[in-house]
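The values are calculated or read from the model by the stated rules, or taken from the named source; none is laboratory data. Quantities reported herein were computed from a predicted structural model and do not represent experimental measurements. Note that we place each Cβ from the backbone using ideal geometry, even for glycine, and neighbour counts take in every protein chain shown. Accessible surface is based on the protein model in full, side chains and every heavy atom, while ligands, DNA and RNA are left aside. Shrake-Rupley method; radii C 1.70, N 1.55, O 1.52, S 1.80 Å.
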Amino acid sequence: MSMSVSATSAPSGYATPKEKIPSLPTRVSPVHHGAGEQGRVYFIEEVIRSTALYDLLKILRDAGLPDAWLASGAIYQSVWNALTGKDAGHGIKDYDLIYHDEADTSYEAEDRVIKQLTKACEPLGLPVEIRNQARVHLWFPKHFGMDYPKLGCSLESLLYYASTTHSVAARLHDDDRLQIEAPFGLEPIFQMQMLPNKVLPNQQTFTQKATRLTKHWPELTIVPW
């Protein structure tokens with residue numbers, strides 16, 4: 001399957017104008033998110049810089065892991081909290097840190113990274129989940145009962161989440177520039193819509209996530225599988 005991941009953040013060296021970044025509201029309408037996709041990117045960047053996500057991204061950057069990103073729930077759920085006036089960490093079950101290292105795809109190598117990065121994140125008090133995307137295809141079939149493709153990079157994993165709404169990732173560059181990636185776009189996050197992704201027969205995971213998420217964000221609309 002070919003991959004086309006849309007780079008939705010500012011290009012390298014671009015100084016984000018502060019006047020374009022929406023102020024974080026105590027509560028705003030889910031559809032009030034600035035002008036188009038770039039406005040949504042600015043909003044996400046401000047959410048990240050205003051929460052513990054920024055410190056987490058600094059730790060991840062400094063760890064020096066190949067192709068490392070913060071992905072999915074911690075990002076879109078933080079946006080939902082900002083949109084609905086909830087506390088910053090409300091409803092966030094864990095913080096997904098992904099990287100892609102083909103040099104050693106053994107469980108032992110991944111376990112060493114998990115232990116090292118978990119220890120580095122301890123001062124933040126955030127429950128992190130760390131996975132090498134280069135080895136997901138090795139354990140996914142046994143765990144979920146379906147095949148999973150061998151990934152060529154971390155961002156390819158975003159194409160296979162049970163919901164396209166959840167397909168978002170962020171990383172922090174050495175110059176402190178944030179990069180946001182969302183292959184299916186950011187609008188559903190701001191519309192608070194959970195859309196199915198049927199590239200894998202993953203309806204059970206979709207349903208389970210929808211059930212959990214609506215308990216924390218009753219404003220969420222679930223588009224049926």
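Some values worked out for this structure:
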| quantity | calculated |
| --- | --- |
| Heavy-atom accessible area per residue - segment 133-225, 1.4 Å, Å² | 45 Å² |
| In sequence order, calculated HN-Hα J values of segment 161-170 (Karplus, 6.51, -1.76, 1.60; Hz; x Gly/Pro) | 5, 5, 10, 5, 4, 7, 7, 8, 9, 9 |
| Solvent-accessible area, 1.4 Å probe, carbon plus sulfur percent, for segment 44-99 | 43 percent |
| ³J(HN,Hα) computed for each position of segment 177-189 - Karplus, 6.51 cos²θ - 1.76 cosθ + 1.60, integer Hz, glycine/proline x | 7, 7, 10, 10, 10, 8, x, 9, x, 9, 4, x, 4 |
| Note, ³J(HN,Hα) from phi for segment 56-64, Karplus 6.51, -1.76, 1.60, rounded to Hz, x at Gly and Pro | 5, 5, 5, 4, 5, 4, 5, 5, x |
| Those trypsin sites (Lys or Arg not before Pro) in segment 162-225 that DSSP places in a loop and that have at most 13 other beta carbons within 10 Å | LYS198 |
| Spin-label proximity, GLN193 to segment 164-180 - amide N less than 11 Å from point 7 Å beyond Cα toward beta carbon | 165 |
| In segment 93-151, trypsin sites (Lys or Arg not before Pro) in a DSSP loop with at most 14 other beta-carbon atoms within 10 Å | LYS93, LYS150 |
| Segment 93-210: relative contact order as a whole-number percent, Cα under 8 Å and 6+ apart | 20 percent |
| Pairs beyond 30 Å (Cα-Cα), from LYS58/LYS142; LYS58/LYS86; LYS58/LYS198 | LYS58/LYS142; LYS58/LYS198 |
